[in-house]
Each structure stands twice: as structure tokens, then as C-alpha cells.
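The values are calculated or read from the model by the stated rules, or taken from the named source; none is laboratory data. Being a predicted model, the structure only gives us computed values, none of them experimental. Cβ atoms come from the backbone with ideal geometry, glycine included; neighbour counts cover every protein chain shown. Only protein heavy atoms, including side chains, enter the accessible area calculation; ligands, DNA and RNA are left aside. Shrake-Rupley method; radii C 1.70, N 1.55, O 1.52, S 1.80 Å.
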Amino acid sequence: MWLTWRAAMERALYGEDGFYLRERPSGHFRTSVSASPAFAGAVLGLLMEVDAELGGPPVLDLVDIGAGEGLLAVHVLEAADPKLRERLRVTAVELSPRPAGLPEQITWSATVPPRIHGLAIANEWLDNIPLDVAEQTSDGPRLVMVDTRTGEERLGDPPGPAERAWLDRWWPLTALGARAELGGPRDAAWASVVSRLVRGRAIAIDYAHPVDNRPAHGTLTGYRDGSVVTPIPDGTCDITAHVALDACAEAGERAGAISTTLSTQRAALRALGLTGSRPPLELARQDPHGYLRALARASQEGELIDPNGLGGFGWLAQTR
Ligand SMILES: C[S@@+](CC[C@H](N)C(=O)[O-])C[C@H]1O[C@@H](n2cnc3c(N)ncnc32)[C@H](O)[C@@H]1O
């Protein structure tokens with residue numbers, strides 16, 4: 001069946017028997033959440049900052065959007081001080097079914113709560129929001145169509161006026177054959193999160209590219225069983241594309257954000273105290289087990305802030 005990439009991704013990932021409704025993400029790729037509980041420790045640090053900013057409200061939201069298997073919420077709850085834990089209202093927003101054995105305190109929902117008073121976090125969610133691909137021809141941009149069985153591509157109609165405007169503003173195509181990924185659906189998804197923030201912070205974390213350095217041929221990628229594969233939208237693999245987080249930021253501002261920080265995971269986690277520094281050698285003599293624990297922790301932090309790996313992810317933080 002020939003579809004635009006957006007329709008093909010929607011069907012392959014979230015349609016009946018789609019990849020995400022059938023598969024568990026951790027079997028196919030590693031995220032910061034699955035790499036180390038140190039990531040949840042940092043999110044707890046953020047949550048405490050937001051709590052202080054809001055003056056310690058009786059109910060504080062933690063909303064994990066695109067929660068996968070719910071691991072981030074589980075780890076944050078485990079690490080939270082009991083007094084904070086009892087004020088937390090934790091929602092995991094996910095299209096796939098609730099995993100067995102999840103703590104009762106975590107609400108599992110297919111939609112973002114209408115009112116959020118606290119922290120909303122979306123780690124590697126936006127890159128899975130389906131989007132169209134356009135290719136530059138001598139007659140201007142055309143949408144790319146894909147055969148859902150084989151991944152073969154051909155050119156379709158020119159993009160509509162809204163998509164053209166998005167391209168002109170966020171991903172201008174000049175060279176013949178250059179391709180762009182039309183981020184409008186991600187902007188809308190992010191704006192809808194920010195619009196639900198009553199007060200607090202919303203954070204999106206993803207592979208990102210800025211308007212002055214978009215990849216000439218796009219970033220559509222498939223993942224299956226831990227390996228990169230050709231992105232064929234047949235439901236057998238994850239399909240992702242990096243995120244124009246700068247465009248999402250502007251959409252968030254239109255939706256009511258009053259402050260925006262666009263940085264990297266490395267900078268954001270270092271500001272939260274993750275350094276990846278090895279423990280002092282004397283500790284090995286005084287407390288060998290403690291030394292080994294600290295060493296393991298340093299190596300996990302190192303992976304999370306590695307500028308050539310997870311540390312290179314974009315962090316978009318907006319407040320209301
Ligand atoms: C790459 S996984 C990330 C999982 C987790 N956040 C992590 O970091 O390990 C993206 C998840 O977003 C979910 N997702 C995508 N679109 C969604 C939507 N509109 N509403 C809720 N969940 C969605 C997918 O089902 C998938 O589990």
C-alpha cells in the first residue's frame with residue numbers, strides 16, 4: 001500500500017497490531033531511562049526544583065509522556081523521600097498496555113492529563129510522532145510516498161500551504177533531491193503538552209537538529225532488536241526521526257510557555273550534579289564495596305552525559 005510517510009508511520013507504529021502496541025521498547029533500543037537509574041535520580045532532582053518553585057503544593061504532578069514500560073516513574077517513586085512521594089500524582093502517558101506489576105500509585109493513561117501542576121517529561125517521545133517527508137524537485141517540494149511492504153519510495157503531491165509555511169520557516173529546501181521531515185505534528189503535540197501545564201515545567205528530550213544545521217537528507221531510521229535497520233513501515237521495526245526542537249520551542253511559546261531553555265542533556269544533567277567523575281582511590285581501601293558502587297555510578301553518569309552519545313540529546317525545558 002502506498003501512503004505518505006506520516007500515514008505509514010502512524011499505521012506501522014500505532015495501528016492495529018502496530019509495533020508499539022505489540023512490542024516492548026527495551027527489546028529494541030536503549031534510552032537514558034533504560035541505561036541507568038541515575039537518569040531517574042536527575043529527574044527526581046528536577047521534580048524537587050519544580051516543587052520548591054511551586055511552594056510545595058499538596059499535590060504535585062509527575063507526568064511521563066511516551067512512558068514506554070513506565071520505568072522512569074517507577075525509579076523516581078522508589079528514590080523519592082516518603083514525604084514527597086505521598087504528595088506525588090504520577091501519570092504514565094502511553095498508548096501501549098499497562099505493564100503487569102506496576103505500582104498502584106502510577107496512573108496509566110493513553111492521553112495527557114488536562115491539567116498539570118508540576119513536571120511533565122517526554123524522553124524520546126517526539127521522535128516517534130509520525131511525520132511527512134518532502135523532497136525538493138525542480139518544481140519545488142513534493143511529499144514522499146512509501147510502499148508499506150517494501151519501503152520503496154516515489155514522489156507524491158506538493159505539500160499543502162501549512163506544510164509549505166513550516167518548511168519555509170524551519171527547514172528550507174534548496175538543493176535538488178534534498179529532503180526535509182515536516183515537524184508540524186511534533187510542534188502540535190508539544191504545544192498540547194505545554195497548554196496543559198497550569199504551573200510548572202515541561203521537558204522534551206530527543207535527538208535534535210537546529211534550523212541552521214538540518215541534515216540534508218533527513219534522519220528517518222528503523223530499529224529492530226537493538227540494531228539500526230532500513231525504515232520499512234511494515235510494523236516490524238521502530239521508525240524514528242530526529243526532532244526540530246527549536247520549532248517545538250516556538251510552538252510551546254505560542255501555547256503559553258513563559259520561559260524556554262534549549263540545551264543538551266550533558267549540560268542539563270551536569271547542572272543537576274551528574275559529573276561522571278571516578279571516586280577517589282582512597283575509598284577503595286576504606287570501603288571497597290562503596291568504591292565499586294561509586295565507580296559503577298560514575299560510569300553510568302558518564303554514559304548519560306557523553307557528548308557523542310546520550311549527552312548530545314537536545315533538552316527543551318519550558319515553564320508556565
Ligand atoms: C522511544 S519510546 C520511549 C520510551 C521511554 N520514554 C524511554 O525513554 O525509555 C516512545 C514511546 O512513546 C509512545 N508514544 C508515542 N506516541 C504516543 C502518544 N501519542 N501518546 C502516548 N504515548 C505515545 C510509544 O508507544 C513508545 O512507547
Item to check | Filtered residues of segment 1-14 (kept if away from the ligand (no atom under 14 Å from the Cβ) and open to solvent by 10 Å² or more (accessible area, probe 1.4 Å)) | outcome: Met1, Trp2, Leu3, Thr4, Ala7
Checklist entry - Is one or more of the residues making up segment 312-320 in a loop (DSSP other than H, G, I, E, B) and in contact with a strand residue (DSSP E or B) (Cβ under 7 Å, 6 or more places away or on another chain)? => result yes
Item to check | So Ala268, is it outside any strand (DSSP E or B), surrounded by 18 or more Cβ atoms within 10 Å (Cβ to Cβ) and hydrophobic (A, V, I, L, M, F, W, C) | outcome: yes
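When residues of segment 122-147 are filtered for being in contact with a Cys (Cβ under 7 Å, 6 or more places away or on another chain) and in a strand (DSSP E or B), how many remain? If you could, list the steps in order and put the result at the bottom.
So in segment 122-147, the residues in contact with a Cys (Cβ under 7 Å, 6 or more places away or on another chain) come out as 126.
From the residues that got through so far, the ones that are in a strand (DSSP E or B) too are none.
Adding up the residues that qualify gives 0.
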Item to check | segment 15-41, residues that are open to solvent by 50 Å² or more (accessible area, probe 1.4 Å), under 20 Å from Thr148 (Cα atoms) and either part of a helix (DSSP H, G or I) or within 12 Å of the ligand (Cβ to nearest atom) (or both) | outcome: Leu21, Arg22, Glu23
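Tell me which residues, restricted to segment 246-260, are small (Gly, Ala, Ser), outside any loop (DSSP other than H, G, I, E, B) and closer than 15 Å to Arg196 by Cβ.
Result: Ala251, Gly252.
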Checklist outcome for this item: Within segment 95-123, of all residues that are within 11 Å of the ligand (Cβ to nearest atom) and crowded, with 22+ Cβ neighbours inside 10 Å, the one farthest from Ala191 (Cα to Cα) is Asn123
Next on the checklist: Tell me whether segment 214-226 contains one or more residues that are among the charged types (D, E, K, R), within 15 Å of the ligand (Cβ to nearest atom) and within 30 Å of Leu47 (Cα to Cα).
Outcome noted: no
Item to check | Residues located in segment 211-254, provided they are free of Cβ contacts under 8 Å to residues at least 40 places away in the same chain and either open to solvent by less than 60 Å² (accessible area, probe 1.4 Å) or polar (S, T, N, Q) (or both) | outcome: Asn213, Pro215, Thr219, Thr221, Gly222, Ser227, Val229
Checklist entry - Name the residues in segment 69-102 that are assigned to a helix (DSSP H, G or I) and over 15 Å from Ser34 (Cβ atoms), would you? => result Leu77, Glu78, Ala79, Pro82, Lys83, Leu84, Arg85
Item to check | Out of Asp157, Asp127, Asp132, sole residue that is touching a strand residue (DSSP E or B) at 6+ places or on another chain (Cβ under 6 Å) and open to solvent by 30 Å² or more (accessible area, probe 1.4 Å) | outcome: Asp157
Checklist outcome for this item: Just one listed residue, out of Ala42, Ala122, Ala92, is of a type in the set (Gly, Ala, Ser), touching a helix residue (DSSP H, G or I) at 6+ places or on another chain (Cβ under 6 Å), in contact (Cβ under 8 Å) with a residue 40 or more places away in the chain and closer than 26 Å to Thr264 by Cβ, and it is Ala42
Item to check | Single unsatisfied condition, Ser192 versus (1) within 15 Å of the ligand (Cβ to nearest atom); (2) in contact with a helix residue (DSSP H, G or I) (Cβ under 8 Å, 6 or more places away or on another chain); (3) under 29 Å from Pro58 (Cα atoms); (4) of a type outside the set (Lys, Arg) | outcome: (2)
Next on the checklist: What's the total number of residues in segment 52-68 that are aliphatic (A, V, I, L, M), in a strand (DSSP E or B) and either under 13 Å from Arg199 (Cα atoms) or more than 9 Å from the ligand (Cβ to nearest atom) (or both)?
Outcome noted: 3
Next on the checklist: Can you confirm whether Ala79 is farther than 16 Å from Ala122 by Cβ, at pLDDT below 95 and surrounded by fewer than 21 Cβ atoms within 10 Å (Cβ to Cβ)?
Outcome noted: no
